[in-house]
Amino acid sequence: MRVGLFVTCVNDALYPRTGIAVVKLLERLGVEVGFPAGQTCCGQPQFNTGYRRETEPLVRRFDREFAPYDYVVTPSGSCAAMVRDNYPRIGRKAAAEHRGHELADAAARSVPKTYELTEFLVDVLGVVDVGAYFPHTVTYHPSCHGLRMLGLGDRPLRLLDAVRGLELRELAGAEECCGFGGTFAVKNADVSAAMGEDKVRNAVSTGADVLCGADNSCLMHIGGILRRQDAPLRALHLAEILASTEEEPHV
Amino acid sequence: MSGTYLGMPSFPEAAREAVHNETLRENLRHATHTIRDKRAKAVAELADWAQLREAGRQIKDRTLRHLDEYLVQLEKSVTAAGGTVHWAADADEANRIVAGLVKATGEREVVKVKSMATQEIGLNEALEAEGITAYETDLAELIVQLGEDRPSHILVPAIHRNRGEIREIFARTMSEWGRPAPEGLTDSPAELAEAARLHLREKFLRAKVGISGANFMVAETGTLVVVESEGNGRMCLTLPETLISVVGIEKTVPTWQDLEVFLQTLPRSSTAERMNPYTSTWTGTTEADGPRDFHLVLLDNGRTATLADEVGRQALRCIRCSACLNVCPVYERAGGHAYGSVYPGPIGAILSPQLRGTESEIDASLPYASSLCGACYDVCPVAIDIPEVLVHLRERVAGQGGKGHRLEKAAIKAAGWVLNHPAALAAGEKAASKTRGLHPRRLPGAAAWTDSRDLPEVPPEPFRDWWKKNRT
């Protein structure tokens, strides 16, 4: 099994620790991980802002870079959803515009092998207990794309439940959007901030030390509000919790 | 659409005020959360909800694909049943037709059952210009009309008003429109309802002309259907001598049997009821019962153009249940007025820019009035993929290159070049990491992002550099 890590542009530039955690976690589980250096961005910010044609080179790039791998694993529900939902759409539209089937073919190759991290762990590797140790109280925010577009269901919670030392606290209004939404946070800053502040209020009221999620873009938004408010909990990617062990704890 | 919404500012601007109005936010939060929980329970009762949703989607899609044929069939059926069909290409034509029909009766007053189509075309204002007064009879519509206000929700047009405000509006304005509010009116719901009942009863009994919309039109029989909760609609439909129904062409269903699906999905999605309290159906005219004259005005007003768009046309499946409003976190905070249309919320964000075009500031901003969280798609009883249409419309707006989008396009193009040249991307990341001490947590000026959030710290090295050092 050859697994290509799609680290995503946000994680590469701003949250390298999440990528490192995925590598260590997968290697601990006996998976051989590769990182094609030509990878960049899935194209979601451009696509969702209305620049579909500008994402086409990235669809081709994704297909080309991950061609040698059996699976593509990414620690981002929204980037996985971009590949799974929107790459075929981009392919269909290009074909409808009489520009051939190249993009549709690229999407057809990429879609079936692309997995969000928790899906890959539970569905492909068949593990729930990944041998992690994380002695903290944790609450989980299921990001919208993972929740609704990918249908991750309780996979992340099952993985967290199996972490030794971890106490899980339920988040009120968990399924409500945190208000990030890519360029939405910029174009509709007031509404976005109001949504984020409500999310933070609910998170703080759990009394947890850590708010975790499977999408660093949402966590950047929530974490930014947490820090601005000097809230007593921090935002952390789920992968960093799952990678944490007694021998090599997360700090 | 309605002239009352002309010149609206863009959505972010209109939403700003609502977001900072704590009372409004609390009212909306309470109302939307209550109804969304009730809806979820009502839907969970049906083991075949997924099949009903899919059936509704298919019926609507098939009908829309062959709408030309079904509309001709509908016209034949209505005519055969004693009604008269009029075709209106746009709001002006529809208003002209209705005003002409009312004038022909010699009447100066009409009663109305709540109708989104007539609000869409600004019928009340058009009639007023012709010296005709239209009385809204739905309780919430009455509150909106008396308060010289605009509706802010599809199902609960006065959702933004509390009981105290309603009492004040009734006490102050009812006398200008007809029977005054009783002396010493309090804000108890029973007293408010009774005041409205007495005020409206006089209108129903006097009116010679009724105006309605319809939830559905059955092509095979020429039957129109209105579902409602108060019975006021039924009085408008049965008491006047002349009934004029203004209905969007997309409300057609082929057969009577198709109603079986929607009469289950609509009430559960909208009011969380198993069945709506009043279902009125009427077919042309009937000897010695109901209106003597029946006119159906079939309204296009941008629907044919919407139908021509393969992605966008799914918005025409909408059965106006408002479930998408009640789950939308953006609607919950921004309120209905910010959408600048009689159709607020997620469905309004895709319907209005299609019906009206994307030229105005408000219409160009509506496709962006969503975080694309997908909750609206999940609850939609006819499975309209609202996020898909939003993104599709964003492409249209971005392509127009209007205000703000020229700069955005240049930035996207520049980013696109970098993203297609990994070496350039890696160099940029490295540079950002090297200067990480210099990056501010807040940005000066209009950087809305940092008004309420801290920017993340730039890490000492990007992931790809870690990989190069540790794994290659």
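Please determine, by comparing only the residues of segment A:166-209 that are within 10 Å of another protein chain (Cβ to nearest Cβ) and in contact with a Lys or Arg (Cβ under 6 Å, 6 or more places away or on another chain), which one is surrounded by the most Cβ atoms within 10 Å (Cβ to Cβ).
A:178
Is it fair to say residue B:185 is out of contact with any Gly (no Cβ under 8 Å at 6 or more places or on another chain), buried (at least 17 other Cβ atoms within 10 Å of the Cβ) and part of a helix (DSSP H, G or I)?
So residue B:185 does not fit the description; no.
Condition (residue is farther than 25 Å from residue B:376 by Cβ, buried (at least 18 other Cβ atoms within 10 Å of the Cβ) and of a type in the set (Gly, Ala, Ser)) applied to segment A:129-147: is it met by at least one residue?
Checking segment A:129-147: at least one residue is farther than 25 Å from residue B:376 by Cβ, buried (at least 18 other Cβ atoms within 10 Å of the Cβ) and of a type in the set (Gly, Ala, Ser).
Mind counting the residues in segment B:331-380 that are more than 19 Å from residue A:148 (Cβ to Cβ) and of a type in the set (A, V, I, L, M)?
Final tally of qualifying residues: 8.
Return the total of residues in segment A:79-127 being under 14 Å from residue A:4 (Cβ atoms) and over 18 Å from the mean Cα position of the chain (by Cα).
1
When you look at residue A:242, is it more than 10 Å from every other protein chain (Cβ to nearest Cβ) and in contact with an Asp or Glu (Cβ under 7 Å, 6 or more places away or on another chain), yes or no?
No; evaluated as a whole, the condition is false for this residue.
Among the numbered criteria (1) facing chain A (nearest Cβ under 8 Å); (2) closer than 30 Å to residue A:198 by Cα; (3) at pLDDT below 85, which single criterion is violated by residue B:425?
Of the numbered conditions (1) facing chain A (nearest Cβ under 8 Å); (2) closer than 30 Å to residue A:198 by Cα; (3) at pLDDT below 85, the odd one out for residue B:425 is (2).
For residue B:170, all conditions in the list (1) aromatic (Phe, Trp, Tyr); (2) touching a strand residue (DSSP E or B) at 6+ places or on another chain (Cβ under 8 Å); (3) under 26 Å from residue B:27 (Cα atoms) hold save one; what is the number of the exception?
Every listed condition holds for residue B:170 apart from (2).
So, of the residues in segment B:244-285 that are farther than 17 Å from residue B:53 by Cβ and free of Cβ contacts under 8 Å to residues at least 24 places away in the same chain, which turns out to be nearest to the chain's Cα centre (by Cα)?
For segment B:244-285, the residue satisfying everything is B:275.
Find all pairs meeting these conditions: Cβ atoms under 8 angstrom apart; at least six residues apart or on different chains; first residue within segment B:395-416 and at the interface with chain A (Cβ under 8 Å from one of its Cβ atoms) and farther than 15 Å from residue A:43 by Cα; second residue basic (Lys, Arg) and part of a helix (DSSP H, G or I).
B:398/B:409
Return the residues of segment B:216-230 that are surrounded by fewer than 23 Cβ atoms within 10 Å (Cβ to Cβ) and in a loop (DSSP other than H, G, I, E, B); say none if nothing qualifies.
If the condition is that a residue be surrounded by fewer than 23 Cβ atoms within 10 Å (Cβ to Cβ) and in a loop (DSSP other than H, G, I, E, B), then B:220, B:221, B:229, B:230 are the ones that fit.
Considering B:313, B:274, B:268, which residue is in contact with a helix residue (DSSP H, G or I) (Cβ under 7 Å, 6 or more places away or on another chain) and surrounded by 23 or more Cβ atoms within 10 Å (Cβ to Cβ)?
B:268 is the lone residue from the list that is in contact with a helix residue (DSSP H, G or I) (Cβ under 7 Å, 6 or more places away or on another chain) and surrounded by 23 or more Cβ atoms within 10 Å (Cβ to Cβ).
Hey, can you tell me all the residues within segment B:413-442 that are within 42 Å of the chain's Cα centre (by Cα), within 21 Å of residue B:455 (Cα to Cα) and surrounded by 14 or more Cβ atoms within 10 Å (Cβ to Cβ)?
Matches in segment B:413-442: B:415 only.
Condition (residue is modelled with pLDDT of 95 or more, under 30 Å from the mean Cα position of the chain (by Cα) and more than 16 Å from residue A:50 (Cβ to Cβ)) applied to segment B:384-400: is it met by at least one residue?
Yes, that holds for at least one residue.
Test each condition in (1) closer than 19 Å to residue A:148 by Cα; (2) within 12 Å of chain B (Cβ to nearest Cβ); (3) surrounded by 23 or more Cβ atoms within 10 Å (Cβ to Cβ) for residue A:212 and report the one that comes out false.
Result: residue A:212 fails condition (2) only.
Can you pull out the residues in segment B:130-160 that are of a type in the set (Ser, Thr, Tyr) and closer than 20 Å to residue B:102 by Cα? I'd like the intermediate steps shown before the answer.
Narrowing segment B:130-160 to residues of a type in the set (Ser, Thr, Tyr): B:133, B:135, B:137, B:152.
Within segment B:130-160, B:133, B:135, B:137 qualify.
Within segment B:44-65, can you find the residues that are within 21 Å of the chain's Cα centre (by Cα) and among the charged types (D, E, K, R)?
Selection gives B:53, B:57, B:60, B:61.
Can you go through B:40, B:47, B:18 and tell me which one is of a type outside the set (Ser, Thr, Tyr), in contact (Cβ under 8 Å) with a residue 40 or more places away in the chain and under 27 Å from residue B:270 (Cβ atoms)?
After applying the criteria, what remains is B:18.
Counting only residues that are in a helix (DSSP H, G or I) and hydroxyl-bearing (Ser, Thr, Tyr), which one in segment A:62-91 is surrounded by the most Cβ atoms within 10 Å (Cβ to Cβ)?
Selected residue: A:78.
Within segment B:337-372, how many residues are touching a Lys or Arg at 6+ places or on another chain (Cβ under 7 Å) and over 17 Å from residue B:122 (Cα atoms)?
Final tally of qualifying residues: 4.
When you look at residue B:259, is it surrounded by 17 or more Cβ atoms within 10 Å (Cβ to Cβ) and either touching a Leu at 6+ places or on another chain (Cβ under 8 Å) or basic (Lys, Arg) (or both), yes or no?
So residue B:259 does not fit the description; no.
The values are calculated or read from the model by the stated rules, or taken from the named source; none is laboratory data. Since this is a predicted model, take the numbers as computed values, not measurements. FYI the Cβ positions are ideal-geometry reconstructions off the backbone, even for glycines, and counts take in every protein chain you see.
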